[in-house]
Amino acid sequence: MLFTFKFFRIRLSDGAHATLDRVSQEAPDIEAAKVKSKSLFEILNMPQKPDGVRILDEGGTELLAWKPGDL
């Protein structure tokens, strides 16, 4: 299954989200996609450090949002 990982920043003043990067990768299921997203969170070279990542399915539906410190 093809998953899209959207890395974002959150503006504290109003909670607005800005997408820093979007990466699509194959994974067999959502659990494997979670592992990939956390790995990519650490290794991608982005102009700013993201606050979190959203995992989307092939249709663009958000399956999960994750931020460091979440379980």
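The values are calculated or read from the model by the stated rules, or taken from the named source; none is laboratory data. Quick caveat, the model's predicted, so the values are computed rather than measured. Positions of Cβ are backbone-derived with ideal geometry, glycine not excepted, and every protein chain shown enters the neighbour counts. The area values use the complete protein model at the heavy-atom level, side chains included, leaving out ligands, DNA and RNA. Shrake-Rupley method; radii C 1.70, N 1.55, O 1.52, S 1.80 Å.
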**Complete:** Note on Phe41: of the conditions (1) in contact with a helix residue (DSSP H, G or I) (Cβ under 8 Å, 6 or more places away or on another chain); (2) among the aromatic types (Phe, Trp, Tyr); (3) in a helix (DSSP H, G or I), unmet is (1)
**Residues of region 1-32 that turn out to be more than 18 Å from Asp51 (Cα to Cα) and not β-branched (Val, Ile, Thr), as a count** = 11
**So Lys38, is it surrounded by 10 or more Cβ atoms within 10 Å (Cβ to Cβ), charged (D, E, K, R), out of contact with any strand residue (DSSP E or B) (no Cβ under 6 Å at 6 or more places or on another chain) and under 15 Å from Leu64 (Cα atoms)** = yes
**Prompt:** Can you name every residue in region 3-28 that is open to solvent by 70 Å² or more (accessible area, probe 1.4 Å), modelled with pLDDT of 95 or more and assigned to a loop (DSSP other than H, G, I, E, B)?
**Reply:** Pro28
